[in-house]
Amino acid sequence: MTPCDFGGKRAILLRDQEVDDFGQYRGIGEFASCARRRRTRAAVFGDDFDRGAAAALYDTLIRFIRQGLRVILVVGLVIAAAAFFIGPSAAAVRSRRTVTSGIDWVRTRGEHAGVRTGPVGEWTGAHKTILRVGAVALVALIFVFWGQPTVAVVIWLVVLLLVLLGLIELIGGRSGGTAPAANP
């Protein structure tokens, strides 16, 4: 019997004469080609194969795979949340109304304090759809061309997008175009 390390698990391999024709050994099917890998490794690297270097390489690869999977998970959750809030469900409509009323409250407080957006606000109000699409496209391009995006990068990009969309709504004025009633 010969010991073989594979993926941090220890298996006992049968000698070559006890291995069947397909390279599998009796008992543990998931370590089927371990003996063949040992012979190939010895032929390529010789007897001075550094197991520490192989373990470091394996750990590095696994770390990048895990990081990539985490980013994909967060991006998927962001897309699912966006799809929920865009949808027609009662909770989504209520959430959109709450956000809209909050932005209207801030805008009204600013107008009563004398803050006016002027022609910039009028232009922003007339081009809200284009500006929204541009904001989403900008954040998507930043994400796509980021070297190695992490979960933190995805979260910051989502926050940036929400701030941009909030500013577009705040500066763009009311969707209905009605001005607030004057308070005497």
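Can we say A54 is surrounded by 10 or more Cβ atoms within 10 Å (Cβ to Cβ), among the small types (G, A, S), in a helix (DSSP H, G or I) and modelled with pLDDT of 90 or more?
no
Quick one: count up the residues across the range 118-143 that are surrounded by 15 or more Cβ atoms within 10 Å (Cβ to Cβ), more than 19 Å from R107 (Cα to Cα) and among the aliphatic types (A, V, I, L, M).
3
If we scan the range 70-89, do we find a residue that is farther than 22 Å from L161 by Cβ, part of a helix (DSSP H, G or I) and at pLDDT 90 or above?
Within the range 70-89 (the criterion being farther than 22 Å from L161 by Cβ, part of a helix (DSSP H, G or I) and at pLDDT 90 or above), the answer is no, since none of the residues qualifies.
Could you say whether any residue in the range 126-136 is in contact with a Pro (Cβ under 7 Å, 6 or more places away or on another chain) and farther than 23 Å from Q67 by Cβ?
Within the range 126-136, not a single residue is in contact with a Pro (Cβ under 7 Å, 6 or more places away or on another chain) and farther than 23 Å from Q67 by Cβ.
Restricting the range 109-140 to residues that are at pLDDT 90 or above and of a type in the set (V, I, T), which is farthest from I168 (Cα to Cα)?
V139
Under 6 Å between Cβ atoms, which residue pairs at least 6 apart in sequence (or on different chains) link something in the range 164-177 that is modelled with pLDDT under 80 with a partner that is surrounded by fewer than 17 Cβ atoms within 10 Å (Cβ to Cβ) and assigned to a loop (DSSP other than H, G, I, E, B)?
none
Does the range 78-89 include one or more residues that are within 12 Å of the chain's Cα centre (by Cα), in the same structural domain as G166 (by TED's automatic domain parsing) and not small (G, A, S)?
yes
The values are calculated or read from the model by the stated rules, or taken from the named source; none is laboratory data. Keep in mind the model is a prediction, meaning the values are calculated, not measured. Neighbour counts run over all protein chains shown; Cβ positions are idealised from the backbone, glycine included.
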